[in-house]
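The values are calculated or read from the model by the stated rules, or taken from the named source; none is laboratory data. As the structure is a prediction and not an experimental result, all values here were calculated from the model. Backbone-built Cβ (ideal geometry, glycine too); neighbour counts: all protein chains shown. Please note that ligands, DNA and RNA were not included when accessible areas were found on the heavy atoms of the full protein model with its side chains. Shrake-Rupley method; radii C 1.70, N 1.55, O 1.52, S 1.80 Å.
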Amino acid sequence: ACDDGAKIVADYTKEVMAVHDEAMAEMGTIETLRRELNKQLEEGNAGGTLDSASVVQLHGTIDALSTAHDGMMDWMHDYEPPKDMEPEAALEYLKGQMTSIQQVNEEVKTSIAQAQKLLRKDEAGQE
């Protein structure tokens, strides 16, 4: 029974890390989008071409990207593999970690989609 518990914990750890890996793979995308949006904000402010609604939208999207990025960094900083725990306690811990990393992953995906939509809208508006 002890081996079964260890296997369940090991398998669930892999599942948690798979969600982590998925979100982590998007950190470069977040950085790129943040740079593009900041550039758009600076150019728009310098050129006086942005209305206040666009400025608010750009800031909100940049903030969402930053929040998603920070959430990922915080999760990685706080996560500890459940080495010296009983299987039941380890599983409880991992379930909590799964909820947290799924939330981070959702924030990552949502903020990227929001940024890409905003950038596409801007490109369409410039033609």
Rounded to the nearest 10, the angle in degrees between the Cα long axis of helix 87-125 and the longest principal axis of the Cα atoms of the chain comes to 20 degrees
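Can you tell me which of 89-101, 7-19, 41-53 comes out highest on packing, and rank the rest after it, using the mean Cβ neighbours within 10 Å? Don't skip to the end; give the middle numbers.
Details: 89-101: 16.7, 7-19: 14.8, 41-53: 11.0.
With the highest mean Cβ count within 10 Å placed first, the list reads 89-101, 7-19, 41-53.
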With the convex hull built on the alpha-carbon atoms of the chain, volume per residue in Å³ sits at 94 Å³
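Within the set of other residues whose C-beta is less than 13 Å from the C-beta of residue 87, count the net charge using Lys and Arg as +1 and Asp and Glu as -1.
On the way: positive: 7, 83, 95; negative: 3, 4, 11, 84, 86, 88, 92.
Residues near residue 87 contribute -4 overall.
Please report the equivalent ellipsoid semi-axes of segment 1-68, computed as sqrt(5 x eigenvalue) of the Cα gyration tensor, largest first, in whole Å. Present the calculation step by step, with values, prior to reporting the outcome.
Numbers: eigenvalues 389, 21, 5 Å².
Over the Cα atoms of segment 1-68, the ellipsoid semi-axes are 44, 10, 5 Å.
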Note, residue 42: beta-carbon cut-off 14 Å, +1 each Lys/Arg, -1 each Asp/Glu, net 0
A 1.4 Å probe over the protein heavy atoms gives the chain a carbon and sulfur accessible-area percentage of 52 percent
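If you place +1 on the Cβ of every Lys and Arg, -1 on the Cβ of every Asp and Glu, and leave all else neutral, what size is the dipole of the chain about its Cα centre, to the nearest 20 Debye?
On the way: 11 positive and 26 negative charges, 94 e Å.
Charge dipole of the chain: 460 debye, to the nearest 20.
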Of the candidates 72, 56, 29, the farthest towards the positive dipole end of the chain (Lys/Arg Cβ +1, Asp/Glu Cβ -1, centred on the Cα centre) is 56
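Over segment 1-50, with the other protein chains present, what is the accessible area per residue in square angstrom, probe 1.4 angstrom? Mind showing how you got there, number by number?
Details: 3140 Å² over 50 residues.
Roughly 63 Å² per residue, with all protein chains present.
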Here the relative contact order (percent) of the chain, from C-alpha pairs under 8 Å and at least 6 apart, is 43 percent
